[in-house]
């Protein structure tokens, strides 16, 4: 509510302020559409104020711009203010701003202190404002503390917060920032800042929050920062910082979050950090830290310690050596421990079973030996256990089934032996099991086939034997089982042998201790000869009958009345099938079919005779859902023949795409080259359809909870990370329609790499005509060349789609989804941005929603250089919810 702060019933130089207030009250009430009783006008005393020169006292008015007051009233108010300042406080009228007829240029009663104003001016001078976001930081200082200066908050004229994240700011942070003695929070994360962290930052006694992550800051962390005794959160992650961690960071008594990850910090971890009684999150991953893990956690010596509050401890991707200290077991509240990708040796302390709240434990890629402690069965809160890449030996404990909350079990690349415990099949919620590259023997337990949520399974390169449960062969790629010489049934070339018939002895027959050899009688020989003759005659008849049937079939084919039938052609390794591909006959229709070890095998005739229905069309071609004769369903995409490369280039590129395997990428299972130039791609059919239909074509009773949406966003990001970092592939057409969902609602990106199968001119034309309204970044309309930054933009739109529930193709107020959300956020953070379904849980997920929204807006920044890369996005997701996603290496 606007507030004009003048005293009532006081005559100043002949001005009756009571009549002025009456007019002002009426005008303000009319302006805001409220009754006059709603408007209150009071006097508040006086504070120092600067008018561009030395500090001088002035009336404290908190006058705000009100565009609607009568011009005469504005003039009277100006006169009254001038008289107050001149007669009571000796301020010349020349220094008093006046009101114009529209109520603008009102006096800033809450004025910024001179020293703070100078510090802000120095800060602006050192920054490079690429987007002009600091235009409101004027030369006079007026408005700095009344909300006119973007990103500045004040109390009584003192700057307490600088909040300018995601603004594309470059340059350096001025050392003059140390003049802001009341500063409590500095938030400049997700910009392009360079240079060092100012030493003077550590001279701010009231500093509570430092958020400088996702920049390009260099140099070391200033030791002076340890003097900020009020500091609660220090996050300088994902910069170019080097040097050692200051020892005096342990001086903080209120600190709850320290995040120095994704830098180049060296030296050892200060042992004093481990003694903090307030620290909740300690994130030091992805640095060059060495030495051993501090010996004492949560206490000293034999004492119980100081009641550690640590919940997240991430030290992965460093050079840390030594053993895992037993004292970590004293961190009774810890939920996430990540020590992966270090040089840790020794055994896993059995005392870790005391961590009753532990949900994520990652000790992967070290040199840990010994056995998996049986006491791990007490970690009943555990969701993810990753021990990959160590030297663990002996058996997998049978008691792991007590981990009823376990979702991920990764024991890959160790020296584990013995049989796979069938009890693991009792963990009904498990989604990933990786036991590959060990020394396990015996059969795969049948109980694993009952794990309905299992989306990743790998037991390759062990000593397993026997048949693979049939349900597992249908759900998982054959590479999940390779490297087990005695394992069978997971691929057509390794069928399981039929059981040998057993001849049981007669109950009355007694085994003879000696074998007696009798000569065949003449009658027996005649009977055998007659039997052989009959068999030969029958075989001859069958042969003649087959020839007759074939001749009739050929005759019908010439008359154009032939019907395709299933071919029983055997599958062999094909020289023309590409690397890793398996080529089979093109069947009666001709052509060539190349498999990439899908969950089931089909022939070309099976494919061409399948019942098909159109699923949709894209610039690349038409997609069909094909139902094979055996009931299995696949997706067949018929490419536009005139747009594809020649056969040799096509096969080379297709073979390359056929090798790509990732749990969030829809695998290419086979391709078919027809005799008339047809080119078909075969994929698995996803029963839940696309993300677009999942979000926008559901009934009103169907609710999509936030964890499901978050998991989808994270899964898409993981898939895109694999494309960008491992395969060097730009998707170029990423939309919610190209995200398919499996039975567990895990996302799989499709249509990636298809541009490699097309001619250069066709690819450019497809980009121009794709019509992905709302998903394409603005620069793509000019360049016609998608890149990783344009993929990031499309990912950001999909995240906004998940947050808002709105289709990007539908304009809001004439704007695309990204622009509409940005316009709402620019005004203020409003709940109307989010899908109403999410607001019922807003009390518990508001921080995640807000931070995910900020990340999405960062991705859809109009400037490609300001967008994060896919690694940074994963890092941000980890910071938003470290329990849902682990940092990608």
Cα Rg, Dmax, the stretch 112-265, angstrom units:
14.7, 42
What distance in nm separates the two pseudo spin-label positions at residue 696 and residue 865, each 7 Å out from Cα along the beta-carbon direction?
3.4 nm
Mean-position separation - Cα centroids, the stretch 431-458 and the stretch 186-263, in angstrom:
45 Å
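How much length is gained on full extension from residue 377 to residue 394, taking 0.36 nm per residue of separation minus their Cα-Cα distance?
Extra length available between residue 377 and residue 394 comes to 4.5 nm.
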Plugging the Cβ-Cβ distance of residue 268 and residue 404 into 1/(1 + (r/R0)^6) at R0 = 35 Å yields, to the nearest 0.05, a FRET efficiency of 0.35
Translational diffusion of the stretch 689-889, µm² s⁻¹ [Kirkwood Rh, Cα pairs; Stokes-Einstein; 25 °C; 0.890 mPa s]
143 µm²/s
Over the Cα atoms, compute the radius of gyration (one decimal) and Dmax (the largest Cα-Cα distance, rounded to a whole number) for the stretch 334-444, in Å.
12.8, 37
Prolate/oblate/rounded call for the stretch 126-217, Cα gyration tensor, a/c under 1.5 rounded
oblate
Among 701-710, 276-285, what's the highest-first ranking by average C-beta atoms within 10 angstrom per residue?
276-285, 701-710
The alpha-carbon center of the stretch 842-883 and that of the stretch 116-173 are separated, in whole Å, by 24 Å
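Suppose the chain between residue 783 and residue 725 were pulled fully straight at 0.36 nm per residue; how much longer would it get relative to their current alpha carbon spacing?
On the way: separation 58, 0.36 × 58 = 20.88 nm, distance 2.28 nm.
Going from the current span to full extension adds 18.6 nm.
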Over the stretch 370-425, how many percent of alpha carbon pairs lie in each 10 Å bin up to the one with the longest distance?
24, 60, 15
Using only the alpha carbon atoms of the stretch 215-338, find the Kirkwood hydrodynamic radius as the inverse mean reciprocal pair distance, in angstroms to one decimal.
14.5 Å
Each label point is 7 Å from the Cα along the Cα-to-Cβ direction; what then is the distance between the points at residue 133 and residue 743, in nm?
4.7 nm
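Taking the number of other C-beta atoms within 10 Å as the exposure measure, put 758, 686, 615 in order starting with the fewest. Intermediate results must be reported in sequence, preceding the final value.
Working: 758 22, 686 19, 615 16.
Result, fewest neighbours first: 615, 686, 758.
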Euclidean distance of C-alpha centroids, the stretch 636-694 and the stretch 695-762, integer Å
16 Å
Run the quick spin-label model on residue 647 and residue 617: label points 7 Å from Cα toward the beta carbon, then report their separation in nm to one decimal.
2.8 nm
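Read the figures in this text as sums done on the coordinates, not as results from a lab. Just so we're clear, the structure is a prediction, and the values are computed from it rather than from any experiment. Every residue, glycine as well, gets a Cβ built from its backbone with ideal geometry; the counts of neighbours run over all protein chains shown.
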